[in-house]
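The structure appears right after this line, and notes come after that.
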Amino acid sequence: MNVMLPPMGFNTWNTFGASINEKVVMETADAMVANGLLEAGYKYLVIDDCWSEYERDPVTKKIVPCKEKFPNGMKYVSDYVHSKGLLFGMYSCAGVRTCADYPGSFDYEFLDAETFAEYGVDFLKYDFCFKPQTANGPMLYRRMGMALRACGRDILFSACNWGVDDVHSWIRSTGAHMYRSTYDINDSFESFTEIAGSQIDKLCYSAPNCFNDIDMLTIGMYGKGNVGSTGCNDIDYKMQFVLWCMYSAPLMIGCDVRNMSDAAKALLTNKDLIAINQDPDVRPPFVATTHPWNNRCKVLVKMLADNEYAFAFFNMSDHKAKVPLYFFDAGVPASSGYGFDMTDVFTGENIGIKSDYMCPVVDSHETLLYRAKLVKI
Ligand code: GLA
């Protein structure tokens, strides 16, 4: 199975945690279609942890769906999700138990992959809790990677070992299509900026068929739900989405899509932002200029297909600031006679050809994003 662009979808964990059931999942499927999320590219609906009974079936050894939460079984839910034009995702764990203490797939990888295929699963998130200490992490991911490839169904393999054991250096060899590179996000400005900051040097390992996954988005949660924390406002969420898009990170929505704010819906379905995330060249951004004395202000530049570029100006500090960019730092000195013809992605305004140096004033927590073409002046 080839996954050439960052996967997009929804995952139940951020909002619902253990409070999942057939009704929530089916209503979410309806809402993903009604709110234009599927049309915007969010095609995977993923059920995270807490979907099963506490123990495997003593005879078949299969994991059994929780009868109370999923009275009609998982195939029923999967059929419903597919009937909406979406793809269906589920969750298991490389350890003996999942992080929320349900049966994990350790030593049952091949049986479980077959079971997921029977359910009609298209995506498997594979966590890392409760692993026997001497069991080798890379080997366990390889085992499930192989089981999925042999199960007779195309299943996207979403590894989730939180970035431990230098995961970036071996995860591609396991067959994983994306890999969580950090510990869990919570709905706060500090959490998502720290997560993004921790991966800027690791983005060169992210490419088609295995993307660096910096966790589910908290956009639209406003402090509610299972990973609520202090919450963010819409300005913060704008920064979160620009970061995820600049990184070509998987876009997995975590808010309750049945009750989305207009601002969250508009942000998450913004075609111009999604186009940067889904750019076919899948190149990592680089830090062009960092503010000389305020390292919470910086400019990231990402090469896009067809001689285009994205420039993102971030002010992560608590004060309004001028955020400098020397085009020399982006690779184009003034002496070249070239400049960038820049259009504001949020307003659509063309700000003309910029070269040498620019230094916009950026409000606290604000983000400016330009799409540009490199042209002869
Ligand atoms: C871990 C993962 C989370 C989520 C929970 C479920 O913490 O990192 O994304 O899947 O487990 O228990």
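Brief remarks on what is shown
- Flag for Gly85 being small (Gly, Ala, Ser) and either within 16 Å of the ligand (Cβ to nearest atom) or over 26 Å from the mean Cα position of the chain (by Cα) (or both): no
- Cβ-Cβ under 9 Å pairs, at least 6 apart or on other chains, the range 2-18 side assigned to a strand (DSSP E or B), far side within 14 Å of the ligand (Cβ to nearest atom) and modelled with pLDDT under 95: none
- Count - residues of the range 208-240 that are more than 12 Å from the chain's Cα centre (by Cα) and aromatic (Phe, Trp, Tyr): 2
Here is a yes/no grid of residues against (1) surrounded by fewer than 16 Cβ atoms within 10 Å (Cβ to Cβ); (2) within 22 Å of Ser206 (Cβ to Cβ):
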{"site": "Thr115", "(1), (2)": "no, no"}
{"site": "Lys125", "(1), (2)": "no, yes"}
{"site": "Thr134", "(1), (2)": "yes, no"}
{"site": "Phe157", "(1), (2)": "no, yes"}
{"site": "Asn161", "(1), (2)": "no, yes"}
{"site": "Val167", "(1), (2)": "no, yes"}
{"site": "Gly175", "(1), (2)": "no, yes"}
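- Subset of the range 90-145 that is more than 16 Å from the ligand (Cβ to nearest atom), without any contact (Cβ under 8 Å) to a residue 60 or more places away in the chain and touching an Asp or Glu at 6+ places or on another chain (Cβ under 8 Å) - its residue that is farthest from Ser158 (Cα to Cα): Gly120
- Filtering the range 221-268 to residues that are over 23 Å from Ser364 (Cα atoms) and within 16 Å of the ligand (Cβ to nearest atom) leaves Gly225, Asn226, Val227, Ala249, Pro250, Leu251, Met252, Ile253, Gly254, Cys255.
- Residues of the range 161-220 that turn out to be part of a helix (DSSP H, G or I) and within 16 Å of the ligand (Cβ to nearest atom), as a count: 8
- Verdict on Phe130 being open to solvent by 50 Å² or more (accessible area, probe 1.4 Å) and at positive phi: yes
- Residues of the range 177-207 satisfying the condition of being without any contact (Cβ under 8 Å) to a residue 40 or more places away in the chain and under 16 Å from the mean Cα position of the chain (by Cα): Tyr179, Arg180, Ser181, Thr182, Tyr183, Ser191, Glu194, Ile195, Gly197, Ser198, Lys202, Tyr205
- Residue check for Ile155: under 30 Å from Ser229 (Cα atoms) and modelled with pLDDT of 95 or more: no
The values are calculated or read from the model by the stated rules, or taken from the named source; none is laboratory data. Owing to the predicted nature of the structure, the values given are computational and were not obtained by experimental measurement. All Cβ positions, even for glycine, are placed from backbone atoms using ideal geometry, and neighbour counts span all protein chains on display. When the accessible area is computed, the model is the full protein with side chains, heavy atoms only, and any ligands, DNA or RNA have been set aside. Shrake-Rupley method; radii C 1.70, N 1.55, O 1.52, S 1.80 Å.
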